[in-house]
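Here the structure is laid out as structure tokens; the discussion comes afterwards.
No value in this document is a laboratory result; all are computed from the given coordinates. This one's a predicted model, so the numbers in the text were calculated from it and none came from an experiment. Counting neighbours? That spans all protein chains shown, and the Cβs are built from the backbone with ideal geometry, glycine included.
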Amino acid sequence: KQEVTQIPAALSVPEGENLVLNCSFTDSAIYNLQWFRQDPGKGLTSLLLIQSSQREQTSGRLNASLDKSSGRSTLYIAASQPGDSATYLCAVKAAGNKLTFGGGTRVLVKP
Amino acid sequence: EAGVAQSPRYKIIEKRQSVAFWCNPISGHATLYWYQQILGQGPKLLIQFQNNGVVDDSQLPKDRFSAERLKGVDSTLKIQPAKLEDSAVYLCASSLWGGSGVSGELFFGEGSRLTVL
């Protein structure tokens, strides 16, 4: 059974600092890994999707890496802004299109 | 392109009452998911449809929860009777069916927040 873990559960940084969010999974037989952002009371917004054959994906200030062999993904957010405050979730897709989520990392960027 | 639509956004009921949530996925998306998200936790899969067939409902409490996807498009999730622990946000998501070797991105709706008193 696939298990996805995100550590730390919460993170507070001053504005301008780079954010590093971690995601680990137990079964490396995945199709892809997706990072989401969730604002309070809202649904999930997709940030980046990394296919199993890829090692990283970039979008603006966001960069996500994937190391299947070690069961890890890292989301980097450069030059954080208060608007980046949200909960960030990673999810791993495996056989049968089944998606398993981590518990999320709650981020606070202080002005 | 229209996103995943869900309704109602908010619902407050008393325990033992029933409630239904509706989801309209993105046009052309064959796979539809219902997730339950309790405050402070990651989403938990309740049921996954491929067109109008169930792929995975292993975590659906079938004594009180039911879901259907008529004609492989819209879906309804029902809870009857509701318990206090059902208070959560119910998220609907959809994706293209990628088939072997190709897997699609998931798109989520805004969610339906249920409060059971």
Per-residue ³J(HN,Hα) for the range A:76-84, Karplus 6.51 cos²θ - 1.76 cosθ + 1.60, θ = phi - 60°, Hz, x for Gly and Pro: 9, 10, 7, 6, 4, 10, x, x, 7
Partner aspartates and glutamates for B:Lys83 [C-alpha distance under 17 Å; skip if fewer than 8 residues away on the same chain]: B:Glu14, B:Asp63
The range B:18-74 shape via C-alpha gyration tensor axes, a/c threshold 1.5: prolate
Magnitude of the charge dipole, the protein assembly as shown, Cβ model with Lys/Arg +1 and Asp/Glu -1, debye to 20: 420
Mean separation of Cα contacts under 8 Å, 6 or more apart, over the residue count of chain A: relative contact order %: 37
Residues B:Lys11, A:Lys1, sorted so that the one with the fewest Cβ neighbours within 10 Å comes first: A:Lys1, B:Lys11
Proxy reagent accessibility, fewest Cβ within 10 Å first, across A:Ile77, B:Ile12: B:Ile12, A:Ile77
Length-normalised contact order of chain B in % [C-alpha pairs under 8 Å, at least 6 apart]: 36
Point-charge dipole on Cβ atoms (K/R +1, D/E -1) for chain B, about Cα centre, debye to 20: 380
Of A:Leu47, A:Thr105, A:Ser65, farthest towards positive along the dipole that unit charges on Lys, Arg, Asp, Glu beta carbons give the range A:29-111: A:Thr105
Estimated inter-spin distance, B:Gln59 and B:Leu39, nm [label 7 Å along Cα→Cβ]: 2.0
Pairwise label distance in nanometres, A:Ser69 with B:Ser18, each label 7 Å out on the Cα-Cβ vector: 5.5
